[in-house]
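All remarks here apply to the structure that follows.
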Amino acid sequence: MKPNNVLSRLAIYTKSNPLNTILVLTLLGDIFIAIMTGPMQWPDSLGYYKAANTLSNGEIDIARTPVCPLLYLMAGMISESAKLWIVGAIQITLFLFSVKCFFRVAQEIKLSNTIVIASTCFYVISTQFISNNMTMTSEPVAVSLCVFLIYYFFKWYRNNSMKSWSMILLLSILLIFTRPSFLYLPVAIAIMALIYLCIRQYKRALQMITCTVVCAGLMFGYCRIMERKIGVFTPTVVSVINDSCIAIRAGLFTSNNVVNPEIKERLITFEHRTVRNPLWDYPNLNGISYKAIHEELTLMGGG
């Protein structure tokens, strides 16, 4: 077959099957990144590994909500040595499905083919800058789940099927237990329920109310477990950890300006360390009450 004929057929296929073309190019790009970088670990990654170990012991982790740690735990059950590669493969697979969902949503909005293709390509490229699929954090999973949720909201709006509503409920639960920042979802869904009540679409309103109650109820129960564990009604103490890390990096949270003797001792040990951890170069505050850390940070901030 002549090269010109091959190129012509590729051009025809690309024009007639833009989604498949985008999916193939996305997969090739992800494979290239995986080969070049391998699993990419950040300081946050260690928190998920620790949370996975905590879950394997039948307990919840105080710093990480359970969806991503469960992913690491299941990958480790398949192969501990290849765990991070398995997680990367799962994240790539989820992302490919999300690309397809994004493309379908753009079509549902009745955009022109050019805009549909361009917006899908923008989604693919922009997410690589946010957090590529070989990154061992919660962002890749969260991005894909968000697109799935939007896709099923569109499907539910079109046909009001039980399957679409069930997927909205499942994805909402997964998102709030992937990142606590998605706790706004039950509130947004409750507002939708009120709107449907006002326009007398009672079936849709009941579905949204049920979704709100289930999501809020599960998170309330999770927070009560955390309260019994650490004395604070919260889904995670990651904000306290982040604040302490920022303060340490800024030179504010030091042994010279804390009152708690146990925290002071840990900070002194950290400040006199001779070996630096390339991933997590912070003091070991394990076992210290997060209330105590929060109180020190509050005093340090002048209030």
Filter the chymotrypsin sites (Phe, Trp or Tyr not before Pro) in region 150-208 down to the DSSP loop ones having no more than 13 other Cβ atoms within 10 Å, then list what survives.
-> none
Listed peptides 19-28, 87-96 by packing density, highest first (mean Cβ within 10 Å) = 87-96, 19-28
Taking just the C-alpha trace of the chain, give me its Rg and Dmax in Å.
-> 23.3, 79
Residue pairs, from the table 83/163; 15/100; 83/155; 100/155, whose Cα atoms sit over 23 Å apart | 83/163; 83/155
Rg (one decimal) and Dmax (whole number) from the Cα set of region 170-234, in Å, equal 13.5, 44
Can you give me the Cα centroid spacing of region 67-89 and region 114-134 in angstrom?
-> 25
Per residue of the chain, what 222 nm ellipticity follows from adding -39500 (n - 2.57) for every DSSP H run with n ≥ 4, rounded to the nearest 500?
-> -24000 deg cm²/dmol
Over all directions, what mean area does the Cα convex hull of region 3-181 project, stated in square nanometres?
-> 12.7
To one decimal place, what orientation-averaged projected area in nm² is obtained for the convex hull of the Cα set of region 55-97?
-> 3.4
Amide proton proximity set for residue 40, modelled H, under 5 Å, gap of 5+ | 135, 136
DSSP loop GluC sites (Glu not before Pro) in region 58-147 with at most 11 other Cβ atoms within 10 Å of their Cβ, which ones?
-> 80
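Each reported figure results from applying straightforward, stated rules to the coordinates on display, with no laboratory input. Computed from a prediction, not measured in an experiment: that's the story for all the values here. We place every Cβ from the backbone using ideal geometry, glycine too, and count neighbours over all the protein chains shown.
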